[in-house]
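Visitor: First, the structure itself, so that you have it in front of you.
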Amino acid sequence: MMGNDSRRHSIMQMHLHRYAYHSLLVLLILAVGLLIALPTMAATLTAEQAYQKGKTLHFQDRFEEAEPYLLQAGNSGNAAAYYLIADSGSFNRFGMSDKEYKFMKFAADNGHLLAMVGMISDRSLTSPKEKKIWREKFLEVVEPEINKGNPLAYELISRLYVLKDEYFGLLKNSAYAGYPSAQWEVARRFEMGDDWFLLPGSREKEVAKLYEASARGGYRDALSSKALSLIEEGEKEKAFEIINTLIDKGDAQSLTTYGALFSDIYPNSLAGWSDIDKARGASYLKALKDSMAPESKNGLYRDMYRFAEEDLSDEEIKQGEILAEEYLRTHTVYRQDGLDEYEYTVDNLHTALERWGGNAIE
């Protein structure tokens, strides 16, 4: 009997190994098939459609899936598409990879402004002589726009002076000319004590003015911060106008924040936040988990949904799944900040003045 049991065990192990082998083989074939199919699928789209598809996948941290679409758009002259391939989540502060440099140069050659900054940076693989040439090309485009008071031009040129004395001055110029992310950063620095103010209370007034301008300019971080401040002040209706707008955009960071608040999984709950709706919160976190790459931020979205789910009844889990499904039918979730500065090139830098010049601060 023992011999039979041993033989039966050996046969079962053999079948299990064979099953595992065939399962892995099937998965491998499917993966290879998908990699072959992606370029073909991209080729059926127009260059603009390919760019929009690739951009969305890129900001879902699905870099490999995004690349065929972005490559098609880049080969059709879209400099931003090349830049996004270069900026595909593998940043090393000590230097560019060969691939990053290749596509950064493609983008810069096509007039992409952030790519030009990349070619000038300390990380760039370009020679000192080439860096000087790129710097001259960049300044030739940006300096005339600075003379017109273009807020983005100030912000772009400040990037050449990071960690230098000139940086904060240029960033303040960008903020007061109207660029929302610069307004946010300058307000944050003022709040932490940077710079000096003569009159009592003037620092606080300037901070509030800059944060408000940043929100008015559409910067996601400022809008979200304003909404949370309104909640703390008891202005719930005004706060939810902003919150619902952010959620309606499908912005990943906003869904993270409000999914966690509705689910009540923040370690320190926000003062004044009483809108606990665990099924709604879980639906936002599930929409994130299902949209973003599984390894995004080391599995943050997956883990947040798991934490929310642990505190739900079976009925609430089901309700959250239905709500997430309904949401994803009409919304696309990806990372976005409301500024899209990665789309600015030599040819369209002037449009930043039209977009944010009216947001200047006296």
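Visitor: Can you report the number of residues in the range 106-120 which are without any contact (Cβ under 8 Å) to a residue 24 or more places away in the chain and in a loop (DSSP other than H, G, I, E, B)?
Guide: Residues flagged as without any contact (Cβ under 8 Å) to a residue 24 or more places away in the chain and in a loop (DSSP other than H, G, I, E, B) within the range 106-120 amount to 0.
Visitor: Taking only pairs six or more apart or across chains, which ones have beta-carbon atoms under 6 Å, a first residue in the range 301-324 that is among the polar types (S, T, N, Q), and a second residue that is open to solvent by less than 60 Å² (accessible area, probe 1.4 Å) and assigned to a helix (DSSP H, G or I)?
Guide: Listed pairs, sorted by first residue: Q319/A279.
Visitor: Kindly check whether there is at least one residue in the range 39-46 that is open to solvent by less than 40 Å² (accessible area, probe 1.4 Å), in contact with a His (Cβ under 9 Å, 6 or more places away or on another chain) and either in a helix (DSSP H, G or I) or modelled with pLDDT of 95 or more (or both). Outline the logic, then answer.
Guide: Here is the first cut: in the range 39-46, the ones open to solvent by less than 40 Å² (accessible area, probe 1.4 Å) are 42.
Within this subset, residues satisfying the condition of being in contact with a His (Cβ under 9 Å, 6 or more places away or on another chain) are none.
No, the range 39-46 has no match at all.
Visitor: May I ask you to list the residues in the range 83-101 that are under 20 Å from T46 (Cβ atoms) and open to solvent by less than 20 Å² (accessible area, probe 1.4 Å)? Spell out the reasoning first.
Guide: Just the residues of the range 83-101 that are under 20 Å from T46 (Cβ atoms), to begin with: 83-85.
Those that are under 20 Å from T46 (Cβ atoms) and open to solvent by less than 20 Å² (accessible area, probe 1.4 Å): L84, I85.
Visitor: Of all residues in the range 199-209, how many are in a helix (DSSP H, G or I) and loosely packed, with under 13 Cβ neighbours inside 10 Å?
Guide: Residues flagged as in a helix (DSSP H, G or I) and loosely packed, with under 13 Cβ neighbours inside 10 Å within the range 199-209 amount to 3.
Visitor: Given the criteria out of contact with any Pro (no Cβ under 6 Å at 6 or more places or on another chain), in contact (Cβ under 8 Å) with a residue 60 or more places away in the chain, open to solvent by 40 Å² or more (accessible area, probe 1.4 Å) and of a type outside the set (S, T, Y), does L353 qualify?
Guide: For L353, the condition - out of contact with any Pro (no Cβ under 6 Å at 6 or more places or on another chain), in contact (Cβ under 8 Å) with a residue 60 or more places away in the chain, open to solvent by 40 Å² or more (accessible area, probe 1.4 Å) and of a type outside the set (S, T, Y) - is met.
Let's see how each residue does on (1) modelled with pLDDT of 95 or more; (2) over 22 Å from the mean Cα position of the chain (by Cα); (3) surrounded by 15 or more Cβ atoms within 10 Å (Cβ to Cβ); (4) aromatic (F, W, Y):
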| residue | (1), (2), (3), (4) |
| --- | --- |
| I36 | no, yes, no, no |
| Y51 | yes, no, yes, yes |
| D61 | yes, no, yes, no |
| E67 | yes, no, yes, no |
| A79 | yes, no, yes, no |
| F103 | yes, no, yes, yes |
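The values are calculated or read from the model by the stated rules, or taken from the named source; none is laboratory data. If you're wondering where the values come from, they're calculated on a predicted model, not measured in any experiment. A quick note on method: Cβ atoms are made from the backbone with ideal geometry, for glycine too, and the neighbour counts reach across all protein chains shown. Heavy atoms of the whole protein, side chains included, go into the accessibility calculation; ligands, DNA and RNA do not. Shrake-Rupley method; radii C 1.70, N 1.55, O 1.52, S 1.80 Å.
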